[in-house]
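Undergrad: My structure is below; once you've seen it, I'll send some questions.
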Amino acid sequence: MAAPTDPRGTADTRFSLSQAEIPTAWFNVAPHLTSPLDPPLHPATREPVGPDDLAPLFAAELIGQEMSADPWIDIPGEVLDVLRLWRPTPLIRARRLEAALQTTARIYFKDESVSPAGSHKPNSAVPQAFYNAREGIRRLSTETGAGQWGTALAFACAQYDLECAVYMVRKSFEQKPYRKVIMETWGASVVPSPIDDPDNAGSLGAAISDAVRDAGGRDDTHYALGSVLNHVLLHQTVIGLEAQQQLAQAGETRPDVVIAPCGGGSNLGGIALPFLPDPTVRLLAAEPASCPTLTQGTYEYDFGDTAGLTPLMNMYTLGHDFMPPGIHAGGLRYHGDSPIISKLVHEGRMEAVAHRQRTVFEANVLFARVEGKLPAPEAGHGIASVIAEANDATAKGEERVILFNYCGHGLLDLSAYEDHLAGSLPEEP
Ligand SMILES: Cc1ncc(COP(=O)(O)O)c(C=O)c1O
């Protein structure tokens, strides 16, 4: 057997925190914004919504977090007990990707694929299920695009003995049949959406309408959203908070650029927002060219769902009736975006780029071959941006420190890889 080339471990690739170092408070970005967010507007009156308007759908504690200006919000012990099943997640230095790219950049990623559901999504599913259960709710309804959020909520509901009803975008329901099996194993029920139009491929906006109608019609049921809203991004900040400690372990003072894919903005917000107060850190959103909300949408008030049942939010939007093509990154097929992320992009504090589907899969295959992990199609948008940033740093001879969020694995997305390897994946379906 060949001797290791680094017997003293100076070329470490994994930076881990002990379980005692798990963050015990979430980072609230609200006090760090240049001005307060524009309020959500009631769909009927177009007046700002108050807590009472949201009470039929959300737990009071989550409504409070949505509107909070406190800089830190404590994570309840009962939530930490569940997060501890997989957190803190490792920070990995992607040395083999660096070598393959022959780059002068140093590339790090947070590995959120190690969660039970295989993505970052349980970071918010767990507290959402907890607060609802504590307030006496018995059942949650939700939408899911790629299936990652529905899977995470099914897992979280099982922890607190809640029923879980998942409306899954029909295109993904057909592309990823085993997602349903995982969700059902955790006790959830799963139906394709739109429920009243079997020939429609569906969209996240339409699935949100189905889930909101379900919760609105039952006293024992609340609605849970997997992204977009302030409290969801808040819950995801454990990612960036851990990364700050782990980068210090790796000997870095700060990243030069933080990158993540962006569908509704939750994994991007989670890794990037704790770095917002440092103006020298660039923040970068990566989205699909076929659903280019941040790069080609307009910044205006729009509904969060297709049917116009949710409050209107000021955000980048492609129009709430926009029907994105059936790309494999189902979690990124959303017409709108988080108001926090939208404001940062609008003010020029955050950059956004769009990638085409085939470029994303080429990036994913390279990543899988050198780093060993098989990324979710959504994650590949971040990886395509990482490669572009690393190549740019090399061309300029810069030692750029790149941090990105490896937000999920692609082990249930193999049909997409099969198409890509067979050369039959359309550039833009
Ligand atoms: C693996 C993965 N990454 C990213 C996303 C995009 O969502 P968000 O931008 O809200 O993190 C999703 C959504 O389902 C996902 O499943």
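The values are calculated or read from the model by the stated rules, or taken from the named source; none is laboratory data. The structure displayed is predicted, hence computed values, not measured ones. FYI the Cβ positions are ideal-geometry reconstructions off the backbone, even for glycines, and counts take in every protein chain you see.
Undergrad: Under the condition of being of a type in the set (A, V, I, L, M) and part of a helix (DSSP H, G or I), which residue from the stretch 408-422 is nearest to THR104 (Cα to Cα)? Show your work before the answer.
TA: Taking the stretch 408-422 as the starting set, the residues that turn out to be of a type in the set (A, V, I, L, M) are 411-412, 414, 416, 421-422.
In the following step, the residues that additionally are part of a helix (DSSP H, G or I) were identified as 414, 416, 421.
Details: LEU414: 32, ALA416: 32, LEU421: 30 Å.
Applying the filter and picking the extreme gives LEU421.
Undergrad: Another one. Of all residues in the stretch 307-333, which are in contact with a Phe, Trp or Tyr (Cβ under 9 Å, 6 or more places away or on another chain), among the β-branched types (Val, Ile, Thr) and part of a loop (DSSP other than H, G, I, E, B)?
TA: THR310
Undergrad: Would you please list the contacts, defined by Cβ atoms under 9 Å and residues six or more apart or on different chains, that run from a residue in the stretch 74-98 that is more than 18 Å from ASP111 (Cα to Cα) to a residue that is surrounded by fewer than 20 Cβ atoms within 10 Å (Cβ to Cβ) and aliphatic (A, V, I, L, M)?
TA: ASP74/ALA25; ILE75/ILE22; ILE75/ALA25; LEU80/ILE22
Undergrad: I'm checking my understanding of the structure. Among residues of the stretch 242-254 that are touching a Pro at 6+ places or on another chain (Cβ under 7 Å) and surrounded by fewer than 24 Cβ atoms within 10 Å (Cβ to Cβ), which one is nearest to ALA59 (Cα to Cα)?
TA: As a first pass, look at the stretch 242-254 and keep what is touching a Pro at 6+ places or on another chain (Cβ under 7 Å): 242, 244, 247.
Subsequent filtering for residues that are surrounded by fewer than 24 Cβ atoms within 10 Å (Cβ to Cβ) retains 244, 247.
Details: GLN244: 31, LEU247: 35 Å.
Ranking the candidates gives GLN244 first.
Undergrad: Would you point out which residue out of GLY380, GLY326 is among the small types (Gly, Ala, Ser), under 30 Å from ARG14 (Cβ atoms) and either within 13 Å of the ligand (Cβ to nearest atom) or in contact (Cβ under 8 Å) with a residue 40 or more places away in the chain (or both)?
TA: Values: GLY326 fails: under 30 Å from ARG14 (Cβ atoms).
Among GLY380, GLY326, only GLY380 is among the small types (Gly, Ala, Ser), under 30 Å from ARG14 (Cβ atoms) and either within 13 Å of the ligand (Cβ to nearest atom) or in contact (Cβ under 8 Å) with a residue 40 or more places away in the chain (or both).
Undergrad: If the requirement is being surrounded by 24 or more Cβ atoms within 10 Å (Cβ to Cβ), more than 8 Å from the ligand (Cβ to nearest atom) and over 22 Å from ARG333 (Cα atoms), which of these qualifies: VAL257, VAL238? Outline the logic, then answer.
TA: Details: VAL257 fails: surrounded by 24 or more Cβ atoms within 10 Å (Cβ to Cβ).
Testing whether each residue is surrounded by 24 or more Cβ atoms within 10 Å (Cβ to Cβ), more than 8 Å from the ligand (Cβ to nearest atom) and over 22 Å from ARG333 (Cα atoms) leaves just VAL238.
Undergrad: Turning to a different aspect of this structure: Residues being farther than 27 Å from ALA416 by Cβ and assigned to a loop (DSSP other than H, G, I, E, B): count how many of those fall in the stretch 124-180. It would help to see each step written out before you state the result.
TA: Quick first cut of the stretch 124-180, residues farther than 27 Å from ALA416 by Cβ only: 126-141, 157-163.
Subset that is assigned to a loop (DSSP other than H, G, I, E, B): 135-138, 160-162.
So the answer is 7.
Undergrad: Could you identify the single residue in ALA117, ALA146, ALA105 that is under 30 Å from ALA390 (Cβ atoms), at pLDDT below 95 and in contact with a strand residue (DSSP E or B) (Cβ under 9 Å, 6 or more places away or on another chain)? Give the derivation first.
TA: Details: ALA117 fails: at pLDDT below 95; ALA105 fails: at pLDDT below 95.
Unique residue meeting the criteria: ALA146.
Undergrad: For residues that are of a type outside the set (Ser, Thr, Tyr), surrounded by 19 or more Cβ atoms within 10 Å (Cβ to Cβ) and within 25 Å of ASN200 (Cβ to Cβ), tally how many sit in the stretch 313-353.
TA: Of the stretch 313-353, the ones of a type outside the set (Ser, Thr, Tyr) are 313-315, 318-333, 335-337, 339-341, 343-353.
Subsequent filtering for residues that are surrounded by 19 or more Cβ atoms within 10 Å (Cβ to Cβ) retains 313, 315, 318, 320, 324, 326-333, 335-337, 339-341, 343-345, 350, 352-353.
Keeping just the survivors that are within 25 Å of ASN200 (Cβ to Cβ) gives 313, 315, 318, 320, 324, 326-333, 335-337.
Counting residues in the stretch 313-353 that are of a type outside the set (Ser, Thr, Tyr), surrounded by 19 or more Cβ atoms within 10 Å (Cβ to Cβ) and within 25 Å of ASN200 (Cβ to Cβ) gives 16.
Undergrad: Out of VAL191, VAL212, which single residue is in a strand (DSSP E or B) and either within 16 Å of the ligand (Cβ to nearest atom) or within 19 Å of ARG333 (Cα to Cα) (or both)?
TA: Details: VAL212 fails: in a strand (DSSP E or B).
On inspection, the qualifying residue turns out to be VAL191.
Undergrad: Filter the stretch 88-139 down to residues that are surrounded by fewer than 20 Cβ atoms within 10 Å (Cβ to Cβ) and of a type in the set (Val, Ile, Thr) and give me whichever is nearest to ALA158 (Cα to Cα).
TA: Ranking the qualifying residues of the stretch 88-139, first place goes to VAL114.
Undergrad: Out of the stretch 164-214, which residues are more than 18 Å from SER119 (Cβ to Cβ), in contact with a Gly (Cβ under 7 Å, 6 or more places away or on another chain) and among the polar types (S, T, N, Q)?
TA: SER193
Undergrad: Please indicate, with yes or no, whether at least one residue in the stretch 35-52 is in contact with a Ser or Thr (Cβ under 7 Å, 6 or more places away or on another chain) and among the basic types (Lys, Arg). Show your work before the answer.
TA: Our first condition is that a residue be in contact with a Ser or Thr (Cβ under 7 Å, 6 or more places away or on another chain); within the stretch 35-52, this holds for 43.
Still in the running and among the basic types (Lys, Arg): none.
No, the conditions are met nowhere in the stretch 35-52.
Undergrad: Turning to a different aspect of this structure: Give the residues of the stretch 75-126 that are within 16 Å of the ligand (Cβ to nearest atom) and of a type in the set (S, T, N, Q), sorted by residue number.
TA: Initially, the stretch 75-126 is screened for residues within 16 Å of the ligand (Cβ to nearest atom), giving 86, 89, 109-126.
Hits for the stretch 75-126 are THR89, SER113, SER115, SER119, ASN123, SER124.
Residue-wise test of (1) among the hydrophobic types (A, V, I, L, M, F, W, C); (2) in contact with a strand residue (DSSP E or B) (Cβ under 6 Å, 6 or more places away or on another chain); (3) at pLDDT below 95.
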| residue | (1), (2), (3) |
| --- | --- |
| GLN249 | no, yes, no |
| ILE259 | yes, yes, no |
| LEU284 | yes, yes, no |
| ASP305 | no, no, yes |
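Undergrad: Does THR295 meet the test of being within 19 Å of the chain's Cα centre (by Cα), surrounded by fewer than 22 Cβ atoms within 10 Å (Cβ to Cβ), away from the ligand (no atom under 14 Å from the Cβ) and in contact (Cβ under 8 Å) with a residue 12 or more places away in the chain? Write out each step before concluding.
TA: Numbers: within 19 Å of the chain's Cα centre (by Cα): yes; surrounded by fewer than 22 Cβ atoms within 10 Å (Cβ to Cβ): yes; away from the ligand (no atom under 14 Å from the Cβ): yes; in contact (Cβ under 8 Å) with a residue 12 or more places away in the chain: yes.
Judged against the criteria, THR295 is a match.
Undergrad: So in the stretch 171-193, with the set limited to residues that are surrounded by fewer than 21 Cβ atoms within 10 Å (Cβ to Cβ) and either farther than 23 Å from LEU411 by Cβ or of a type in the set (Ser, Thr, Tyr) (or both), which one is modelled with the lowest pLDDT?
TA: TYR178
Undergrad: Those residues that are of a type in the set (S, T, N, Q), surrounded by 23 or more Cβ atoms within 10 Å (Cβ to Cβ) and either in a helix (DSSP H, G or I) or modelled with pLDDT under 95 (or both), I need them from the stretch 363-407; list them, please.
TA: ASN364, SER385, listed by residue number.
Undergrad: Here is a further query. Would you tally the residues in the stretch 334-357 being touching a residue at least 40 places away in the same chain (Cβ under 8 Å) and either on the phi > 0 side of the Ramachandran plot or in a loop (DSSP other than H, G, I, E, B) (or both)? So that I can check it myself, show each step before the final result.
TA: Within the stretch 334-357, the first condition is being touching a residue at least 40 places away in the same chain (Cβ under 8 Å), and the residues that meet it are 334-347, 349-357.
Applying the additional criterion that residues be either on the phi > 0 side of the Ramachandran plot or in a loop (DSSP other than H, G, I, E, B) (or both) yields 334-338, 347, 349, 356.
Total meeting the criteria: 8.
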